[in-house]
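Laboratory data are not the source of any read-out in this text; all were calculated from the coordinates shown. Bear in mind that the values here come from a model prediction, so they are computed numbers and not experimental data. When we count neighbours, we look across all protein chains shown, and the Cβ atoms used for this are built from the backbone with ideal geometry, even at glycine.
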Amino acid sequence: MSLSAKARLQFMKDLGLPAMLRLAKATKGKRAPRAANPDFGPPLKCAARLKEIMTRHYYLSRFAPGARPVAWVTSGAPVELLRALDFYTIYPENHGALCGAQKMGPELCAAAEEQGYSSDLCSYARVDLGHFFSGKTPAGQLPKPDLLFCSNNICQTVVYWYKVLAHRLGIPLVLFDTPFNYGEITEANIAYMKEQILEMIPVLEKTAGKAFDMQRFMRLAELSKSTSQLWGQCLETMRARPAPMTIFDAFVHLAPVVSLRGLPVARDYYEILLAELTERVGQGIGAITNEKKRLMWDNIAVWYKVRDFAELFAARGMNFVAATYTNAWAETIQHLDMSRPWESLAKTYSLVILNNNLKHRLGLMEKMVREYSVDGLVVHSARSCKPYSLGQYDLKSLLSRRLGIPAVVIEADITDYRFFSEEQALTRLEAFFEALEAA
Amino acid sequence: MSPSELISRGEYFSQWRGGGGQVCAVFPAQYPRELLWAHGVLPMEVWDPPLAPARAQGHLQPYICSVVRQGLELFLAGGLDDVGAILFPHTCDSLQNLASLVEDYLDPPAPSLFFYNPKAPFAAAAKGFYVAQLQTLERELTRVFGPQPPEGMARALEWSRRLSELYAQAYSRRAAGELGVGAAEFYRVLRGGEYMHPRDYIPLLEGWLASAPANGGGQGQGIILSGVLPSPPDLLETLDELGFRVVHDDLISMSRRLLYPPPGEGDPYEALAESFLSMPPCSTRGSSLSERLEWLKGLARAGGAQGVVFSVVKFCEPELFDLPELRRGLKEAGLPSLVLEVDVNQEVGGQAATRLEAFGEMLS
Ligand code: SF4
Ligand code: SF4
């Protein structure tokens, strides 16, 4: 790492970034405020803080190369190992969501398709490869990685995708191979994952140019744990009637626990968010003004439709109060235990929803339906994501039958709206609304 | 032996079951066959059952590949009702979820068994883990089918070694132009190993290799056939009709698992683990692109191929992700390529034939 790059990063942190944020605020002040939608309660105050944190993260990332080792990381990888070695981490999936929300999905996917990548591939991967080939991003610029850190606990797709990046960039790819849990997690699986962690540390040290500090790792792992726990508590506030936020808010407020887990800024943020949500519950302030029905969402967000869907459902007094997706970053953190750091890290990351069998998913959703008093289920069949989507048709029927709640499947994609038929989705949703209202 | 003597999957299955033999249905792709043989169990692989898709549509989205779709169709049509167990190796996201769908939601008529293949880049820990997987599968097989007979494993390893030799012979003779059969016959015979017990299959393969003419195969352009499996059948017939010489393949169901180094002596589990870890590179095991590229170039060099035909199953992520970089690397090495997207149960048809013909002309 070079001294001048370090000095530049520090300078941007201390002076450049605050100036940039002031400028952004001043520009925003001149824009006409969006008219308030009477279907929604008052917006979350800490949304502005969230925006600042994420802007800061992406803005500073461009000054990281040379000053800090840079890693591109999959959303389910044990990032705590990288934090202990001071890696600056970029999450291409989070960047994909950002591009999706900014409606840049098709443009970036097309850039990947021009290079031969099939339009049938996961669109997070296509967006990322499209960015890689074209340099386009709503984040200004992403730093080139020194290392790729990938765990297949969410899908095998990330392995195929990161292999392409490793090949193009000629940099190391570190894989954390997490055997799928067809049933209960086994001791053999835990032992395999533990051994891999021990093997990968020297590789990470080499790229970072420094030794792994166990004490620091344990501190950061605790920080990561408390961040995820706070996030879990934020989600639990949605058990209240009316729920103080919608799952569409949660999709957005999820960013720090995904991308900044293990850093104080993320934990501090969720303390603020939790305080605000608790206050809203105490005052009976709902995310929507007239919460009549409570819904659960399955799968990743339809990023280009978050706002439209929020409005569509709020107008009918329907609020999403739970989602398997947002829950994923809180669900397994209780396993993290610094008295058995490696085994517990392995368990925490192996037991996430997408690395677990469909029986587990069914049980989890049944539990969530009860705990969050859910009246109906919306299943997003995401063309991009086979591990999240294959099995959903049966999952939907089983849940609906067992719990006697209406359920609907909408066919869409996470970022590539060329594969979304609004008309078809609305037709299905209209039938769902009728069933729900009649229930 | 002439290929016309090769009996079909259905017939063989009935004969085997009629004789009181046990069967384990196996979904793609790599799994330790030796362990099943050691228990006297016949592995019956499910790759592309020729059924009209009907029931599976209600369980799978349209963006799921036809290998998974056809496999589920067979299951739903009752085609697996008479097996003793169903084995799901971990191959890709779609097969992973298919396994869980069947086991957790569809009430299978036979016990489900699972086998996780570690993914590359292999950690040093992968070998020990593979051995532990073998031990678990062994326990499961004992629970379902009873204990191995004495010498069961030793015999299985002998079969495995012999088959490894025979496969290598078939491939090297073909690459050297010393096996005068077309692609349709070559794959019809080699696919016998997907459903025949080695006790019957080894003599059949030996007989075929002994009687196959040394020349007389396609005389046209030499190609490598890459992709998932040699299907649908009309693709192979088209290649033969157009006079292509398939000098080698890089198919998941074929050379990527058949050209395995034979298991060595010593501890059988260690030997099987070593054999697995040294198999040819494969997308589903996470092999690096440079490894795959070098492998493909090597195959082309050895057999004098002038180009590569990628026959990719639609929606197959492992293959589709590797494709652009492989094609780019092959092009730089002077090897043009053609991509055909196929559904295993649908004929490739005239349009593919036209494209193949044009590709052949371009190569000449
Ligand atoms: S959307 Fe699904 S397939 Fe794509 S990276 Fe995420 S988990 Fe993997
Ligand atoms: S064709 Fe591809 S996606 Fe389908 S089962 Fe085989 S490896 Fe998986």
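Data for the structure
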{"read-out": "Distance between segment B:45-106 and segment B:239-282 - C-alpha centres, whole angstrom", "value": "24"}
{"read-out": "Above-threshold pairs, the threshold being 18 Å between Cα atoms, out of A:LYS194/B:LYS127; A:LYS103/A:LYS163; A:LYS6/A:LYS144", "value": "A:LYS103/A:LYS163"}
{"read-out": "Sorted peptide list for A:70-77, A:388-395, criterion being average Cβ within 10 angstrom, highest first", "value": "A:70-77, A:388-395"}
{"read-out": "Whether segment B:311-350 is rounded, prolate or oblate, judged on the alpha carbon gyration tensor where a/c under 1.5 counts as rounded", "value": "oblate"}
{"read-out": "Reach of A:LYS347 by Cα under 18 Å, taken over aspartates and glutamates that are not fewer than 8 positions away in the same chain", "value": "A:GLU80, A:ASP177, A:GLU184, A:GLU187, A:GLU195, A:GLU199, A:GLU222, A:GLU331, A:ASP337"}
{"read-out": "Inter-label distance, nm, simple model (7 Å from Cα along the C-beta direction), A:THR278/B:GLU206", "value": "7.8"}
{"read-out": "A:ALA48-B:GLU332 FRET efficiency (beta carbon distance; Förster radius 51 Å; 0.05 resolution)", "value": "0.50"}
{"read-out": "Length-normalised contact order for chain B - Cα pairs under 8 Å, 6+ apart - percent", "value": "19"}
{"read-out": "Tensor-based shape of chain B (alpha-carbon gyration tensor, a/c under 1.5 rounded, otherwise prolate or oblate)", "value": "rounded"}
{"read-out": "Within the protein assembly as shown, helix-based [θ] at 222 nm, where runs of 4 or more DSSP H residues each add -39,500 (n - 2.57), nearest 500", "value": "-16000 deg cm²/dmol"}
{"read-out": "Cα-Cα separations in segment B:3-145 greater than 19 Å, expressed as whole percent", "value": "54"}
{"read-out": "Segment A:333-421: relative contact order as a whole-number percent, Cα under 8 Å and 6+ apart", "value": "23"}
{"read-out": "Segment B:3-145, dipole about Cα centre (Lys/Arg Cβ +1, Asp/Glu Cβ -1), debye to the nearest 20", "value": "280"}
{"read-out": "Per-residue ³J(HN,Hα) for segment B:222-231, Karplus 6.51 cos²θ - 1.76 cosθ + 1.60, θ = phi - 60°, Hz, x for Gly and Pro", "value": "x, 9, 9, 9, 10, x, 9, 8, x, 7"}
{"read-out": "Over chain A, relative contact order from alpha-carbon pairs under 8 Å, at least 6 apart, %", "value": "18"}
{"read-out": "Segment A:SER134-A:PHE212, extension gain: residue separation times 0.36 nm, minus the distance between their alpha carbons", "value": "24.5 nm"}
{"read-out": "Inter-chain Cβ neighbour average for residues A:354-360, partner chain, 10 Å", "value": "4"}
{"read-out": "Compactness relative to 2.2 N^0.38 Å, alpha carbon Rg of segment A:91-147", "value": "1.00"}
{"read-out": "Fully extended contour minus Cα-Cα distance, from A:ARG62 to A:ARG402, at 0.36 nm per residue", "value": "117.3 nm"}
{"read-out": "Overall Cα dimensions of the protein assembly as shown - principal axes, largest extent first, Å", "value": "85, 64, 55"}
{"read-out": "Estimated distance in nm for a label pair at A:GLN141 and B:GLN15, the labels positioned 7 Å out from Cα along Cα-to-Cβ", "value": "7.0"}
{"read-out": "Shielding score for B:280-291, defined as the mean number of other chain Cβ atoms within 10 Å", "value": "3"}
{"read-out": "For a label point 7 Å along the Cα-to-beta-carbon line of B:ASP81, residues of segment B:89-114 with backbone N under 17 Å", "value": "B:106-111"}
{"read-out": "Most mobile listed residue (A:THR55, A:THR427, A:THR157) in chain A, GNM with C-alpha springs under 10 Å", "value": "A:THR427"}
{"read-out": "Cα-centre dipole for the protein assembly as shown with unit charges at Cβ (Lys and Arg positive, Asp and Glu negative), debye to 20", "value": "3260"}
{"read-out": "Amide H partners (placed H, <5 Å) of A:GLY391, local residues excluded", "value": "B:GLN61"}
{"read-out": "Total charge dipole magnitude, chain A, about the Cα centre, Cβ charges on Lys, Arg, Asp, Glu only, Debye to nearest 20", "value": "1240"}
{"read-out": "Label point distance in nm, A:MET20-A:GLU371, each placed 7 Å from Cα along Cα→Cβ", "value": "3.8"}
{"read-out": "Within a Gaussian network of chain B (alpha carbon springs, distance under 10 Å), most fluctuating of B:GLY182, B:GLY222, B:GLY19", "value": "B:GLY19"}
{"read-out": "Peptide ranges B:145-151, B:310-316, B:163-169 listed from the most packed, as the mean C-beta count within 10 angstrom indicates", "value": "B:310-316, B:163-169, B:145-151"}
{"read-out": "Whole-Å semi-axes of the ellipsoid equivalent to segment A:194-313 (Cα gyration tensor, √5λ, descending)", "value": "36, 17, 11"}
{"read-out": "Shielding by other protein chains, B:86-94, mean Cβ within 10 Å", "value": "4"}
{"read-out": "Net charge of Cβ neighbours under 13 Å - reference B:ASN345; Lys, Arg +1; Asp, Glu -1", "value": "-3"}
{"read-out": "Computed lengthening from B:ARG355 to B:VAL144, 0.36 nm per intervening residue step minus Cα-Cα distance", "value": "71.1 nm"}
{"read-out": "Candidates A:PHE180, A:PHE309, A:PHE40, ranked by Gaussian network fluctuation over chain A, Cα under 10 Å, top entry", "value": "A:PHE309"}
{"read-out": "Local electrostatic count at B:GLY84 - Lys and Arg +1, Asp and Glu -1, tallied over other residues with Cβ under 12 Å", "value": "-1"}
